[in-house]
């Protein structure tokens, strides 16, 4: 049997909810941006015969941290569905903490490149590496305020059993949380793609 359609509080199918459409277009735009940048990286490398940059191992560690933050977002969704207030808030806090750790660790990774005499002006490939990784970094920063808003709303509105029930039964809140989780998973997949891309470029140099 096919799964019945789900509707929001205004009777619109959730699949066609404006938030879903907006996020889909936004993620499509980000995807095209990074595909264009990585394609330009390859073209420039070949045309100018410039050696690729070897990523510090910390980029791999950062990948694990980002995957962990994606998992804690999934935990928040599961807790929301289970009406588990404590686990829901904790999972959102864990996601913020892991995201901040990722950002700090990425700052260290850039510092290691500088210490290895590879500043942004070292070569065209180095410039691409800094720009691409910083753009991803910026998108992680952009997601943190939304996490903070979710935590603030939960702590403000969930003060007794009735308000907890109202909060967890809010269809729009559920949609927003699902979309934010999708965004976080997208950043995770995008980062894995970028790390694999740069490592493959180094291996086939």
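Residues are listed down the side, and each one gets a yes or a no for (1) over 13 Å from the mean Cα position of the chain (by Cα); (2) surrounded by fewer than 16 Cβ atoms within 10 Å (Cβ to Cβ); (3) free of Cβ contacts under 8 Å to residues at least 24 places away in the same chain:
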{"residue": "83", "(1), (2), (3)": "yes, yes, no"}
{"residue": "86", "(1), (2), (3)": "yes, yes, yes"}
{"residue": "95", "(1), (2), (3)": "no, no, no"}
{"residue": "107", "(1), (2), (3)": "yes, yes, yes"}
{"residue": "114", "(1), (2), (3)": "yes, yes, yes"}
{"residue": "117", "(1), (2), (3)": "yes, yes, yes"}
{"residue": "120", "(1), (2), (3)": "yes, yes, yes"}
{"residue": "136", "(1), (2), (3)": "no, no, no"}
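Residue-by-condition table, conditions (1) part of a loop (DSSP other than H, G, I, E, B); (2) modelled with pLDDT of 90 or more; (3) touching a helix residue (DSSP H, G or I) at 6+ places or on another chain (Cβ under 7 Å):
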| residue | (1), (2), (3) |
| --- | --- |
| 73 | no, yes, yes |
| 83 | yes, no, yes |
| 86 | no, no, no |
| 92 | no, yes, yes |
| 95 | no, yes, yes |
| 101 | no, yes, yes |
| 105 | no, yes, yes |
| 109 | no, yes, yes |
| 113 | no, no, no |
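Please verify whether residue 158 is in contact with a helix residue (DSSP H, G or I) (Cβ under 9 Å, 6 or more places away or on another chain) and more than 30 Å from residue 53 (Cα to Cα), treating the condition exactly as stated. Spelling it out, residue 158 is indeed in contact with a helix residue (DSSP H, G or I) (Cβ under 9 Å, 6 or more places away or on another chain) and more than 30 Å from residue 53 (Cα to Cα).
Summed over region 138-160, the residues that are part of a helix (DSSP H, G or I), under 18 Å from residue 90 (Cα atoms) and without any contact (Cβ under 8 Å) to a residue 12 or more places away in the chain give a count of 5.
Taken over region 46-61, the criterion of being assigned to a helix (DSSP H, G or I) and closer than 15 Å to residue 130 by Cα is satisfied by 58, 59. For residue 125, indicate whether it is buried (at least 17 other Cβ atoms within 10 Å of the Cβ), more than 21 Å from the chain's Cα centre (by Cα), part of a helix (DSSP H, G or I) and at pLDDT below 85. Spelling it out, residue 125 is indeed buried (at least 17 other Cβ atoms within 10 Å of the Cβ), more than 21 Å from the chain's Cα centre (by Cα), part of a helix (DSSP H, G or I) and at pLDDT below 85. Go through (1) over 18 Å from residue 106 (Cβ atoms); (2) in contact with a helix residue (DSSP H, G or I) (Cβ under 6 Å, 6 or more places away or on another chain); (3) modelled with pLDDT of 90 or more one by one and return the number of the condition residue 52 breaks. Only one criterion is unmet by residue 52, namely (3). Inclusion of residue 132 among residues that are part of a loop (DSSP other than H, G, I, E, B) and surrounded by 18 or more Cβ atoms within 10 Å (Cβ to Cβ) is not warranted.
The values are calculated or read from the model by the stated rules, or taken from the named source; none is laboratory data. These figures come from a predicted structure and were not determined experimentally. Cβ: placed from backbone, ideal geometry, glycine included. Neighbour counts: every protein chain shown.
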